[in-house]
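Student: Structure below; questions to follow.
The values are calculated or read from the model by the stated rules, or taken from the named source; none is laboratory data. The shown structure was predicted, so the numbers you read here are calculated from the model rather than taken from an experiment. Cβ placement follows ideal geometry from the backbone for every residue including glycine, while neighbour counts extend to all protein chains displayed. These accessible areas exclude ligands, DNA and RNA; they are computed on the full protein's heavy atoms, side chains included. Shrake-Rupley method; radii C 1.70, N 1.55, O 1.52, S 1.80 Å.
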Amino acid sequence: QKLYGVSLSQKIDNFYVGAKYERQQSNISDKNVFGHNGDEAINLFVEYTSGLHTFKSHIANVDNFGEDILHLGYDYQYDTHVKMFVEYYQEQTGAGITREINGATDTYWREGGRVLLVGFSFDFSKKLF
């Protein structure tokens with residue numbers, strides 16, 4: 001099983017742009033899993049930062065693992081350690097979103113879904129005092 005790809009990224013002023021293409025070469029015959037011979041993944045990520053605000057967008061098409069994917073986000077850097085964020089994620093078929101069915105976690109390639117996440121992160125790696 002081999003994965004071939006190319007990626008490019010560039011920072012231009014307050015923008016960061018990244019793109020990636022991957023193609024799978026394998027002998028797996030199950031067309032319901034990523035890794036089937038000929039499966040492709042295409043990603044485009046764009047980020048814009050202005051002061052304490054960062055806006056992010058990611059679109060992708062990944063064969064047999066989410067298919068059409070949209071991911072949008074906003075970060076606010078409150079201080080050195082605390083970042084607040086809002087993110088929206090949508091996938092056409094099941095991949096990154098898990099759910100519980102009859103007490104068991106299910107991630108097996110079913111219909112996709114949408115997620116809205118609001119939260120904050122605390123960075124312990126920076127000096128506290």
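Student: All other residues with a Cβ under 14 Å from the Cβ of T49 taken together, and with Lys, Arg as +1 and Asp, Glu as -1, what is their net charge?
Tutor: 0
Student: Once you have the Cα-Cα distance between Y48 and Q77, take 0.36 nm times their residue separation minus that, and quote the gain in nm to one decimal.
Tutor: 9.1 nm
Student: Run the accessible area of the stretch 1-87 with a 1.4 Å probe and give the carbon-and-sulfur part as a rounded percent.
Tutor: Ligands and nucleic acids excluded, carbon and sulfur give 57 percent.
Student: Further question on the same structure: Once R0 is set to 35 Å, what does the formula 1/(1 + (r/R0)^6) return for the Cβ-Cβ distance between V118 and S7, expressed as a FRET efficiency to the nearest 0.05?
Tutor: Here the calculated transfer efficiency is 0.70.
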